[in-house]
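What follows is a set of notes on a single structure, which appears directly below.
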Amino acid sequence: MTEVITDPVLLRQKQEEFDRQQEEALQEAMEGWWAEDLKNREARIRWWKEAKFGCFIHWGVYSIYGGMWEGKTCVYGEHIQRAMKITQKVYREKFIDCFRAEDFCAETWVRLAKDAGMRYLVVTAKHHDGLAMYPSRVSPYNITLTPFGKTHDPIGELAAACRKEGLYFGVYYSHAFDWGEKDGPGNDWEYENGGGDRHLYEGERGLWFEEHPELIPRVHEGYVRKKSIPQILELIERYHPDLLWFDTPHKLPLSENLNILREIRKADPHVVVNGRLVANPAFPTLGDYRNTADRPKEFYPVSEDWEAIPTTNESYGYSCFDKSHKSAGFFIRLLAKAAARGGNLLMNMGPKADGTVDGPDEAIFRTIGAWMQENGESIYGTERTPLPVQTFGETTKKGNHLYLHIFQRKKGQPILLSGLLNAVVSAHFLDSRLAAAKIRIQRLNYLDTLLYLPKEADACETPDLVICAEVDGAWKTDRSRLVDGMAETTLHAFDASFLSNTLTFGDGKKGNDYVDGFTSSAQSVIWQVRVPKPQRFRLTVRYACDPSNSRMGEDEVLVVQTGAKTGEFLILPKSGIQEETMEVLLGTRFRGRDEIRIHLGNGARGSVRLYGVKLMPLEETDGEIRPQFEREEDKTDTGTQEG
């Protein structure tokens with residue numbers, strides 16, 4: 001094993017040399033081979049941008065125990081070996097030697113994905129446990145060690161089934177995290193490896209290879225060159241995937257990840273590479289598109305092409321105890337919301353060890369499929385919407401067609417489409433049950449159009465009722481957010497009209513859908529809003545204190561400005577989401593426009609996480625302020641309403 005340097009002077013020299021090498025490797029890529037390869041990116045990802053919706057499958061020998069081991073459970077079923085510190089010997093005896101998958105059928109999985117409306121499929125060819133799920137010639141640690149693998153090559157069978165059914169095929173490969181290798185990052189319960197839960201060799205610089213770069217040659221020679229790169233090239237040569245999906249790039253130095261990407265491009269310049277192979281805090285990605293959060297509830301703003309990976313419950317691999325499956329309606333609305341923001345969904349399921357799909361997963365997929373059969377036109381090939389978030393839901397765009405995704409509606413009331421300056425020539429429902437139903441269109445004003453829905457639409461139960469509107473002429477839009485003057489409106493921080501570019505975002509998981517990074521009073525979050533008529537509202541700002549900030553709440557002030565009205569709230573160092581309220585008058589400017597601006601006062605210290613604001617319409621009666629309508633929670637912006 002490589003000797004760890006303890007002399008501080010020598011160690012500092014090694015660290016400085018490492019930093020220079022990383023800068024040189026990145027510069028060489030961006031000025032040379034990567035810059036050249038970038039010219040082919042648009043052609044390479046054209047199919048992926050059109051597809052919009054894919055199937056992610058986490059399946060391996062870890063599925064046998066479904067996230068439960070000796071009475072203990074872990075959130076991610078596929079992480080059971082790491083979470084329970086299971087040795088290689090026990091993993092071989094209890095997992096590998098027992099993996100029979102007697103009911104596995106590649107065609108069944110692929111048809112289920114296709115019937116769900118998915119256009120591509122990605123399966124784990126090697127996850128973090130290090131066991132290749134195909135008969136690898138590079139390493140004997142592969143599927144042939146299992147009883148199932150004596151007669152099956154699941155990666156090859158899935159690739160063939162995808163091509164037969166017309167789906168694009170991809171593989172997930174854990175290039176930087178391998179618990180089965182003594183020289184691979186991650187396994188620190190049997191080996192003295194960095195990248196694991198013991199945080200070995202990390203020190204002040206935070207990552208094992210930054211703190212102790214003298215350890216890199218062992219990983220480079222013993223793992224990256226010996227196993228990781230050869231198996232990736234083997235997968236390309238043997239299965240010709242359309243997409244390669246990677247994860248955890250922070251387990252390896254940037255230079256190693258760059259070298260892997262360069263070898264991929266040499267082997268196949270046409271294969272799409274996701275955003276988690278080469279990424280670090282200095283830049284989003286050198287892959288073909290960006291990856292955002294796992295298990296997202298919200299989507300933070302991304303200007304590039306992007307993809308998010310929800311899963312049916314909380315685990316990616318099969319979990320025998322996790323029954324927290326979201327509804328199919330949640331995923332349908334999440335898919336529409338992603339498409340509206342220019343992104344893809346790669347939705348995950350974790351099959352059981354016997355090869356069958358868990359009942360709740362199958363039910364979710366089939367319900368989504370029934371909706372996609374009717375409404376897929378509003379998802380496939382669409383572009384980022386030019387309109388703001390609507391009071392009824394979301395919009396997607398393709399050519400001169402605008403698709404209205406109606407998440408919530410009131411019976412007998414028209415749908416108000418806001419921000420479209422063009423005329424709507426015609427409109428019809430995509431749902432075949434409403435094929436004969438007529439939609440009446442009325443231009444309300446310069447910025448708004450009313451669509452009157454027939455009574456038949458009220459009886460059509462669906463989590464997302466879609467209307468296709470034909471738009472006349474070149475697109476002309478207004479990005480001001482229409483505020484509902486009859487019910488509570490939620491303005492999410494992620495959907496603000498303006499965010500200072502020095503602010504950062506939570507990952508969008510439940511509870512992490514916030515904007516943070518406030519260090520100056522000059523940083524602002526702004527919503528440009530529009531109100532049909534001047535109206536008073538109760539404004540509620542939702543925020544939390546960052547628990548990692550040791551100085552939170554030291555006389556720090558949150559400032560809310562709307563027109564001439566300013567409210568200042570002393571930030572309280574309490575846990576959980578907090579709310580502060582003020583009364584505001586909106587809609588007094590030209591065409592009812594207004595602006596809501598939030599920033600920190602002088603002495604900002606960066607302890608605030610801003611979730612957004614809520615606006616409740618008010619009216620004056622006998623000198624008192626009271627809600628104009630009975631309170632209704634508006635979940636248009638949260639993606640949490642279940643169907």
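Treat every Asp and Glu Cβ in the chain as -1 and every Lys and Arg Cβ as +1, leave all other atoms uncharged, and give the resulting dipole magnitude about the Cα centre to the nearest 20 debye.
Values: 81 positive and 96 negative charges, 333 e Å.
Value, rounded to 20: 1600 debye.
With q set to 0.19, 0.20, 0.22, 0.25 Å⁻¹, the log10 of I(q)/I(0) for region 22-68, from the Debye formula over equal scatterers at the Cα positions, is -0.74, -0.75, -0.79, -0.88. Largest first, the residues 182, 94 sort by 1.4 Å accessible area into 182, 94. Size descriptors for region 370-425 (Cα atoms only): Rg and Dmax, in that order, 11.9, 33 Å.
Over all distinct Cα pairs, what is the inverse of the mean 1/r for region 1-104, reported as the Kirkwood hydrodynamic radius in Å? Can you show the working numbers first?
Numbers: mean 1/r = 0.0517 Å⁻¹.
About 19.3 Å, per the Kirkwood formula over Cα pairs.
Thinking of region 90-159 as a set of Cα atoms, what percent of all their pairs are more than 17 Å apart? Tail of P(r) above 17 Å: 47 percent of Cα pairs. Measuring only protein heavy atoms, the 1.4 Å probe finds residue 12 accessible over about 110 Å². Coupling constants for region 106-122 follow from the phi torsions by the Karplus curve (6.51 cos²θ - 1.76 cosθ + 1.60, θ = phi - 60°), and in residue order they are 4, 4, 5, 4, 5, 5, 4, 5, 5, 5, 7, x, 7, 10, 8, 9, 10 Hz; glycine and proline get x. Remark: region 336-456 is approximated by an ellipsoid whose semi-axes, taken from the C-alpha gyration tensor as √(5λ), come to 32, 17, 12 Å, largest first.
Considering only 380, 308, 351, the residue lying farthest towards the positive end of the dipole of the chain is 380, judged by Cα position with unit charges set on Cβ. Between helix 154-165 and the chain there is an angle of about 40 degrees, using the helix long axis and the longest principal axis of the Cα atoms.
Going through region 300-330, which GluC sites (Glu not before Pro) have at most 15 other Cβ atoms within 10 Å and a DSSP loop state? Working shown, then result.
Details: sites: 304, 307, 314; in loops: 304, 314.
Of the GluC sites (Glu not before Pro), the ones in loops of region 300-330 whose Cβ has at most 15 other Cβ atoms within 10 Å are 304.
Couplings 3J(HN,Hα) for region 499-514, derived from phi with the Karplus relation 6.51 cos²θ - 1.76 cosθ + 1.60 (θ = phi - 60°), are 10, 4, 6, 8, 7, 10, 10, x, 7, x, 5, 4, x, 10, 9, 10 Hz, where x marks Gly and Pro.
Here the dipole of region 108-159 is about 100 debye; that uses its Cα centre as origin and unit charges on the Cβ of Lys and Arg (positive) and Asp and Glu (negative). Note on region 76-162: dipole from Cβ charges, positive end direction compared against 101, 124, 160; the farthest Cα belongs to 124.
For the chain, what is the convex hull (Cα atoms) projected area averaged across all directions, in square nanometres?
On the way: hull surface 124.8 nm².
Averaged projected area of the chain's Cα convex hull equals 31.2 nm².
Once backbone amide H atoms are built at 1.01 Å from N, residue 312 has 348 as its partners under 5 Å, excluding neighbours fewer than 5 places away on the same chain. When the alpha carbon coordinates of region 389-532 are projected onto the principal axes, the ranges are 56, 33, 31 Å, largest first. Over the chain, dividing the summed -39,500 (n - 2.57) contributions of all DSSP H runs of at least 4 residues by the number of residues returns a 222 nm mean residue ellipticity of -6500 deg cm²/dmol. For residue 481, the amide hydrogen comes within under 5 Å of the amide hydrogens of 528, 529, 530, counting only partners 5 or more places away or on other chains and with H modelled in the peptide plane.
The HN-Hα couplings worked out from phi for region 477-494 by the Karplus form 6.51 cos²θ - 1.76 cosθ + 1.60 (θ = phi - 60°) are 9, 10, 8, 5, 8, 6, 9, 5, x, 10, 8, 5, 10, 9, 10, 7, 4, 5 Hz, whole numbers, x standing for Gly and Pro. Rg and Dmax of region 47-140, based on Cα coordinates, read 15.5, 45 Å.
The values are calculated or read from the model by the stated rules, or taken from the named source; none is laboratory data. Everything quoted here is computed from the prediction, not taken from an experiment. Positions of Cβ are backbone-derived with ideal geometry, glycine not excepted, and every protein chain shown enters the neighbour counts. These accessible areas exclude ligands, DNA and RNA; they are computed on the full protein's heavy atoms, side chains included. Shrake-Rupley method; radii C 1.70, N 1.55, O 1.52, S 1.80 Å.
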